[in-house]
Structures are given as C-alpha cells and as structure tokens.
Amino acid sequence: MSNAVAATQWAEQYPMLAQRGIDESMWNALCSTLYPGARTESIIMAVDYCRARQLDIMLKPVHLVPMQVKDAQSGKKDWRDVPMPGIGLYRIQADRSGNYAGADEPEFGPTVEREFQGHDFNKNPITVKVAYPEWCKYTVYKIVSGMRVAYTSKEYWIENYATAGASSEAPNAMWKKRPFGQLAKCAEAQALRKAWPEIGSEPTAEEMEGKHFAHAEKDITPQAQPQAQALPHYPAESFDSNFPAWRDLIESGKKTPEQVIKMVSSKAELTADQKAAILNLGSQEAA
C-alpha cells in the first residue's frame with residue numbers, strides 16, 4: 001500500500017486527527033510514549049492546547065494531570081484529565097520573551113531527616129524515613145531597562161511535597177526518590193512566574209505531581225426565576241365597604257383614581273367593573 005493511499009484511509013477513518021495534522025505514526029507516539037493511558041479526547045485537548053500556543057506537542061510542554069472534579073449540580077465526583085503546563089513550557093515562554101538572562105544553580109537549605117507515618121501495599125501502617133532539603137532557593141535573571149535583574153523564589157519542601165495517599169503523611173514515590181529535584185522545579189516555576197507574570201498563575205504539572213486535588217465545578221446554570229403568584233380577586237363586600245373612603249381621598253385631591261387603583265391592586269386583583277367604578281369617581285369630581 002502506498003503512503004498516499006494509507007494517508008487517505010487514515011483521514012477517512014480519523015478525520016478529527018487528520019484535520020489537526022496528526023498522522024498514524026504521530027498518534028501512536030502520543031498514545032504510547034507521551035500520554036500513555038490517557039483518553040483520546042484528553043490527548044486531542046492537549047494537541048489543541050499546544051496549537052493555540054504555538055508549541056510542539058512532541059516536546060511535551062503540557063501534561064495531562066488527573067483531577068477529581070465535583071459536579072456542582074449532581075454533587076458527584078469524576079476523574080478528568082486536565083492540561084497543565086510543565087516546567088519546560090515556563091522555560092520556553094521565558095526564552096521567547098527575549099529578555100531571559102539565565103539562572104543560578106539551585107541553592108538548598110540544610111538536609112532534614114524525618115519519619116512519616118504511611119502505609120505499605122497491604123495498607124498496613126508503617127514508618128517512612130526521608131531525608132529532604134528544608135528549602136530551595138532559585139534565582140532567574142531578566143533584562144529590565146538594559147539591566148540584569150534577579151528574581152528569587154524560596155520554597156520549603158514541607159509545604160510542597162505530595163503525600164502517598166489521602167490518609168498518609170508520607171511522601172509519594174517521586175518526592176521520596178527525588179526530594180531535591182522536585183523541590184528545585186517548584187522553586188524554579190515560582191521564580192519564573194515572578195519574573196514573567198504573563199506566564200500565568202497556573203501551577204506546573206511538576207508542582208502538582210501526585211497531589212490529591214478535588215476541584216469543585218462551579219454551577220453557572222441560570223437560576224429559574226420564581227413565578228409570581230396570582231393575587232386573589234378583591235371581595236365585593238370589601239370593595240363596597242371601602243369605596244366611600246376611596247371616594248373621599250379622590251374628592252379631597254389626596255389621590256387620583258389611578259393611584260387608588262394601584263394601591264388597591266397591590267393587595268388584590270380588581271375586576272374591570274371595580275376599576276371602572278373607581279375611575280368614574282374622577283369623572284364625577286371633574287364634573
């Protein structure tokens with residue numbers, strides 16, 4: 001089968017991918033290497049994210065992070081893949097600005113050894129001993145008005161690490177294996193955000209690595225307006241008993257027939273004959 005025929009068949013079978021310029025080999029790489037296990041619609045979302053920002057998705061500047069989202073209407077929770085920038089995307093944006101002027105090597109605080117309470121694979125309680133840097137300081141440089149200006153971020157490990165589970169205080173595998181490297185990425189991301197606010201305030205995938213994050217989906221469905229309840233009809237006996245008082249108000253000039261009708265109608269619904277009787281009082285006054 002020729003390449004042209006294969007491409008035509010691919011476009012006919014997967015038009016959504018073909019129109020995005022994704023051929024079979026690229027799709028296989030996206031599914032098996034870059035985003036293994038991700039849903040088709042999630043990968044397409046990542047492709048569109050990169051196209052909108054003129055990024056090469058094969059460099060994986062954006063990650064798909066599973067997040068638990070709570071539906072505002074049903075209250076049910078569901079797992080969704082949310083596209084998040086990687087630290088690589090922040091570096092790309094800083095470089096594209098044209099005023100990125102390098103960075104220092106990360107500076108780490110004293111190493112702390114601490115025991116955390118966690119669980120093994122059988123959910124039995126265990127004690128996990130971890131050595132980690134107390135903090136990491138990261139400095140990036142930006143050219144501002146011809147001068148090289150430093151932007152520094154200092155992040156603490158204890159405030160950034162992700163736990164192995166919702167009921168565990170022990171770090172997950174990544175934060176246990178790379179306590180220095182993970183914290184350095186968090187500090188670098190914060191420093192880049194300080195230097196280039198246009199990057200945005202969204203956390204990077206590295207900062208959210210393994211964290212349990214439940215996002216509440218806001219309900220923006222317009223609220224149904226309560227229907228106005230119909231007023232009861234004005235009782236004939238009450239109308240007859242109050243009619244002399246309304247006539248006195250109109251004859252004294254304190255109220256017009258229209259004002260009397262508006263006042264009475266706020267409490268009950270007047271019939272056409274009742275309204276005509278009140279309006280007739282104005283005619284009698286004029287005569």
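Between Pro133, Pro232, Pro66, the GNM of the chain built on Cα springs shorter than 10 angstrom shows Pro232 fluctuating the most. Taken over the stretch 7-70, the percentage of Cα pairs per 10 Å bin, counting from 0 up to the bin with the maximum distance, is 20, 54, 23, 3, 0.
Distance between the pseudo-spin-label points of Thr33 and Ala6 (7 Å out from Cα toward the beta carbon): 1.6 nm. Computed with a 1.4 Å probe on the full set of protein chains, the accessible area for Leu279 sits at about 80 Å². Distances longer than 27 Å among the Cα atoms of the chain: what percent of all pairs is that? In whole percent, the long-distance tail amounts to 65. Whole-Hz Karplus values for the stretch 33-39 come out as 10, 7, 10, x, x, 6, 5 Hz, taken residue by residue from phi with 6.51 cos²θ - 1.76 cosθ + 1.60 and θ = phi - 60°; glycine and proline positions read x.
What is the percent carbon and sulfur in the accessible area of the chain, measuring with a 1.4 Å probe over the protein chains and ignoring ligands? Heavy-atom surface of the chain belonging to carbon and sulfur, 1.4 Å probe: 51 percent.
What is the diffusion coefficient of the stretch 140-213 in µm²/s, taking the Kirkwood radius over Cα pairs and the Stokes-Einstein relation at 4 °C with a viscosity of 1.567 mPa s?
96
Within the set Lys142/Lys185; Lys77/Lys129; Lys123/Lys177; Lys60/Lys123, which residue pairs have Cα atoms separated by over 23 Å? The answer is Lys77/Lys129; Lys60/Lys123. Potential lengthening of the chain between Glu258 and Gln68 amounts to 62.4 nm, from the contour at 0.36 nm per residue minus the alpha-carbon distance.
Largest mean-square fluctuation among Thr204, Thr163, Thr33, in a Gaussian network model of the chain whose springs join Cα atoms under 10 Å apart, belongs to Thr33. Of the whole protein surface, Phe239 contributes about 20 Å² of accessible area at a 1.4 Å probe radius. Against the chain, whose longest principal axis is taken from its Cα atoms, helix 179-195 shows a tilt of about 50°. Among residues other than Phe116 whose Cβ falls under 10 Å from its Cβ, what is the net charge (Lys/Arg +1, Asp/Glu -1)? Around Phe116, the surrounding residues sum to +1.
Summed over the residues of the chain and divided among them, the accessible surface reaches 62 Å² per residue at a probe radius of 1.4 Å. Taking other residues whose beta carbon is less than 15 angstrom from the beta carbon of Leu231, and scoring Lys, Arg as +1 and Asp, Glu as -1, yields +2.
In whole percent, what relative contact order does the chain give with Cα contacts below 8 Å and a gap of six or more residues? Present the calculation step by step, with values, prior to reporting the outcome.
On the way: 385 pairs, mean separation 39.4, N = 287.
Reported as a whole number, the value is 14 percent.
Each of Lys137, Lys70 has its accessible area taken with a 1.4 Å probe; listed largest first, they run Lys70, Lys137. Charge tally around Ala101: other residues with Cβ under 9 Å, Lys/Arg +1 each, Asp/Glu -1 each, net +2. Angle check, please: helix 87-96 long axis (alpha carbons) against the longest principal axis of the chain (alpha carbons), in degrees 0 to 90, nearest 10. The angle comes out at about 90 degrees.
Here the stretch 27-186 yields Rg over Rh of 1.03, to two decimals, using C-alpha coordinates and the Kirkwood radius.
At 222 nm, what helix-only mean residue ellipticity would the chain give, in deg cm²/dmol to the nearest 500, using -39500 (n - 2.57) for each DSSP H run of four or more?
Values: 11 runs with 110 residues, N = 287.
Value at 222 nm, helices only, nearest 500: -11000 deg cm²/dmol.
The values are calculated or read from the model by the stated rules, or taken from the named source; none is laboratory data. Computed from a prediction, not measured in an experiment: that's the story for all the values here. Using ideal geometry, Cβ is built from the backbone for each residue, glycine included, and neighbour counts are taken over all protein chains shown. Heavy atoms of the whole protein, side chains included, go into the accessibility calculation; ligands, DNA and RNA do not. Shrake-Rupley method; radii C 1.70, N 1.55, O 1.52, S 1.80 Å.
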